[in-house]
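The values are calculated or read from the model by the stated rules, or taken from the named source; none is laboratory data. Keep in mind that what you see is a predicted model, and the values were worked out from it rather than measured. Cβ placement follows ideal geometry from the backbone for every residue including glycine, while neighbour counts extend to all protein chains displayed.
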Amino acid sequence: MDRYADLFGLDEDLPSSPTSDPDRDSSDLSSLLQPLTLTPFRSATFSPTSFLLSHRHTDLADLRAELDGLEEEVRAELGGLIERDYGEFVGLGRSLGGVGGMVGELRGGLEEVKAGVEAIATRLKSTIDEIDQLLAEKATVRADMKLARSLMGYAQALEELETDLQISSPNGAQNHVNRSAESNTSLDRLQGLAQSFSYLTYLRQKIPQDHPFLAAYQARFDSVEATLMADLAAGLREAAKSDTDKTRLMGILKAYRELGRPGEAMGVLQSIR
């Protein structure tokens, strides 16, 4: 299956792990023991990228939840400051009457506090947006890897069934396996082939039906299906004509049921009568 791995370029697409810095990793890990605070966001040199790197050992979803909590804390702090300072502003305005200079100073201080809190909220939002983007990219990579595994699994299962059914390989080479009537219609072989085909069908359903990969493998799938049904029909005819082979007959009928094709079994039996 190496050629399928090469086909999807899995080794090339996966990012390599960065070189680890023991001192930096130790510092980052120790910081995980402390709850997240607003201190980093109050710094004029705050950088979302540096913040994320310093918390690279924390799960992105958990970090997102902590930042949501901090955002609520900032909003509550902003509301409390506005309410407190506005109350003081109104009280002083009433008691001092014409002291307009002091009122103006208080108003300026209130606006400064408000601007500072809003700046922290903006930085928090920027960090949250960046984390959301990383989470979305992570989900996309996981989905692509899952699809690639499904495609490779389907191709491998199809090849194995072609081998078991002694069907010509894609390059035209023939499988030199003895296809005697007895060995091809034995109960164990037919039941095993039916189970393998059921698994192949299951893998096929996990792939988007409009994916070009399925179209490329359609002819091989049809060949496997036709050969399997022909072997099942041959085995069913043999078992039905025998008066002492009831176990084999019931086993083959069960294989038809597992494939969801009891009607085809009835058609074969009716053709014997």
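Okay, here's what the table says:
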quantity: Some residue of the stretch 153-161 being under 30 Å from Ala76 (Cβ atoms), outside the structural domain of Gln195 (by TED's automatic domain parsing) and out of contact with any strand residue (DSSP E or B) (no Cβ under 9 Å at 6 or more places or on another chain); calculated: no
quantity: Test: residue in the stretch 121-136 that is in contact with a helix residue (DSSP H, G or I) (Cβ under 8 Å, 6 or more places away or on another chain) and modelled with pLDDT under 75; calculated: no
quantity: Which numbered condition Arg189 fails, given (1) within 30 Å of Thr247 (Cα to Cα); (2) of a type in the set (D, E, K, R); (3) under 21 Å from the mean Cα position of the chain (by Cα); calculated: (3)
